[in-house]
Amino acid sequence: MQTVEGHSSTKFYTANEGDYDELTELWEASVKETHHFLTPADIASIKADVRNRYLPGANVVYMRDDAGAISGFVAIVGDKIEMLFVLPKYMGRSIGKRLFVHAVFEMKAGKLDVNERNEGAVGFYLRQGCKVVGRSAVDSAGRPFPILHMECSFPG
């Protein structure tokens, strides 16, 4: 994969509670960049759940840039990618792909849900070889944000 200016590391770190505040801030920055269908109130409400419920309930792996800031992370529960977010300045520069490949091939996470209206993420997962296997009219919390259920195949 290409070298990214300001991000020469390819190392993965396992998150602990001391990382959750920085991960949550990264989540918020990424969501504001990509989830234009969410209102500021939606983001604020979901942010509290990300920090206090979703991160603690997942196996979270992240990458750091050359300055030591978390550049992106993936959160796995069982065999499912629950979250994959990248700092906006690194979007489209292979950080998400590195995290995705690590999640699928090293952590054996072959399922995921993605907001249908987040067209960039839907396209990203389709380019990685994932297939849509279902759709829900609401998200897992019952909010009116349609979700696509996807699966990714493992080679061999």
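The values are calculated or read from the model by the stated rules, or taken from the named source; none is laboratory data. Just so we're clear, the structure is a prediction, and the values are computed from it rather than from any experiment. Please note: Cβ atoms are built from the backbone with ideal geometry, for glycine as well, and neighbour counts cover all protein chains shown. Quick note on the areas: whole protein, heavy atoms, side chains included, nothing else; ligands and nucleic acids left out. Shrake-Rupley method; radii C 1.70, N 1.55, O 1.52, S 1.80 Å.
Here is how the numbers come out for the structure above:
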read-out	value
Single match in Ser9, Ser30, Ser45 (criterion: among the hydroxyl-bearing types (Ser, Thr, Tyr), part of a loop (DSSP other than H, G, I, E, B) and either at pLDDT below 95 or surrounded by 14 or more Cβ atoms within 10 Å (Cβ to Cβ) (or both))	Ser9
Options Cys130, Cys152: the member that is surrounded by 17 or more Cβ atoms within 10 Å (Cβ to Cβ) and at pLDDT below 95	Cys152
Some residue of segment 110-121 being under 15 Å from Glu151 (Cβ atoms) and modelled with pLDDT under 95	yes
Of all residues making up segment 109-124, the number that are open to solvent by less than 20 Å² (accessible area, probe 1.4 Å) and either part of a loop (DSSP other than H, G, I, E, B) or aromatic (Phe, Trp, Tyr) (or both)	3
Residues being within 17 Å of Val31 (Cα to Cα), open to solvent by 50 Å² or more (accessible area, probe 1.4 Å) and in contact (Cβ under 8 Å) with a residue 60 or more places away in the chain - total across segment 48-67	0
Cross-chain or 6+ apart pairs with Cβ under 7 Å, segment 77-99 first and open to solvent by 50 Å² or more (accessible area, probe 1.4 Å), then assigned to a strand (DSSP E or B) and at pLDDT below 95	Arg93/Val4
